[in-house]
């Protein structure tokens, strides 16, 4: 009888020790996490046991068995597949809920309005997210937008500017798919009635609209100016005038890997279908990826008689309806660059003449 009591006592003590150890494993943080942190990939379909062993082998939890026992107490919650990042010690319980809640590692990557596919590719490689060539290969396949813009040669213009939460090593095709999905949402917001509602015949396709929006995006950072700039290009297109848009020449040179950072007169004669100093109409495709404000501007150009604009040195532009007025604005721009007043001082003359009202830009 005494022996049996001792055995029972030992069993209870052992069970208590095991329970205490399991409690310690689950409740107390574990591990020495290196400065670079620890990444653990939980494969699709991994069981609680498989996940537990992966975590233990990577030094994230103290005991795979204790982790599995705790996990089985929550049968409706299972580890979500994905890559997880650990940058400080966690308890087994915290690790379980991190996996159960799907707190997968993500890194933000921002595509800015107006960036080209080449800009995005370089930024991705600089951030060590993917190789530039991998992204360019994916962005060069227009299959994702074949229903929207069957004439498009690449995804340029349809990779919507936004901040994307990415895994550590995303597939380039997954990223372009995310960007195009964002574009589809944005164009629905910008044009809820559909492209057929009031779009001029010269913008007969979504590709033309996105192309115009990309020119507007590259020309002005001011949202309030974008419909005005779109209106200038609309007017020039109606009159059959060359658009003479500097950013289109820059894009042509970038495609040829020959842009030096500043346009020259020689550059303006560069032979490319994107050079709007040489070729009438819109270029064959977008020259960057416009945001929603520029898409709205392209869909709804502001009516005016403006045919010209030039920078005003403050981020905006002077607009003009005639070449003579434009030349005056150009002179004004150069005076501002030289630190002089925008308008020259009045010259006193012996006879009086009627004052000419100052041009206000918008009508």
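Derived value for segment 109-190: Kirkwood hydrodynamic radius 12.7 Å. Basis is the mean of 1/r over every pair of different alpha-carbon atoms.
With a cut-off of 8 Å between alpha carbons and a minimum separation of six or more residues, what is the relative contact order of segment 63-120 in percent? Provide the component values of the computation, followed by the final result.
On the way: 32 pairs, mean separation 20.1, N = 58.
Averaging sequence separation for qualifying contacts and normalising by length gives 35 percent for segment 63-120.
For the pair segment 57-136 and segment 307-327, the centres of their Cα atoms are 50 angstrom apart. Projected onto planes of every orientation and averaged, the convex hull of the alpha-carbon atoms in segment 138-179 covers 3.0 nm².
The angle separating the long axis of helix 117-126 from the principal Cα axis of greatest extent in the chain is about 40 degrees.
Relative contact order (percent) for the chain, with alpha-carbon contacts under 8 angstrom and 6 or more residues of separation? The partial results should precede the final answer.
On the way: 540 pairs, mean separation 47.3, N = 363.
Relative contact order of the chain: 13 percent.
For segment 42-165, the normalised intensity computed at q = 0.11, 0.12 Å⁻¹ comes to -0.58, -0.64 (log10 of I(q)/I(0), Debye sum over alpha carbons, equal scatterers, no solvent). Set against the labelled values (i) 33, 28, 19; (ii) 64, 22, 18; (iii) 51, 22, 19, semi-axes √(5λ) of the Cα gyration tensor in Å computed from this structure falls on (ii).
In the chain, the calculated helix contribution to ellipticity at 222 nm averages -13000 deg cm²/dmol per residue, counting -39,500 (n - 2.57) for every DSSP H run with n ≥ 4. To the nearest 10 degrees, how steeply does helix 2-27 sit against the main Cα axis of the chain, on a 0 to 90 scale? So the inclination is approximately 10 degrees. What number, in percent, do you get for the relative contact order of segment 42-141 if the mean sequence gap of Cα pairs under 8 Å and at least 6 apart is divided by its residue count? In percent, rounded to a whole number, it is 21.
Let a ≥ b ≥ c be the square roots of the eigenvalues of the Cα gyration tensor of segment 202-335; is it rounded (a/c under 1.5), or, if not, prolate (a/b larger than b/c) or oblate? Here segment 202-335 falls in the rounded category. The C-alpha atoms of the chain define a longest principal axis, and helix 226-239 lies at about 50 degrees to it.
Across 170, 227, 301, mean-square fluctuation computed from a Gaussian network of the chain (C-alpha pairs under 10 Å connected) peaks at 170. Counting other Cβ atoms within 10 Å as a rough exposure proxy, the listed residues 103, 156 run 103, 156 from fewest neighbours to most.
Ordering 337, 237 by the number of other Cβ atoms within 10 Å of each residue's own Cβ, fewest first, gives 337, 237.
Read-outs: derived from the displayed coordinates by stated rules, not from any lab. As the structure is a computational prediction, the values presented were derived from the model and not from experiment. Cβ coordinates were reconstructed from backbone atoms using ideal geometry, including for glycine residues, and neighbour counts include every protein chain displayed.
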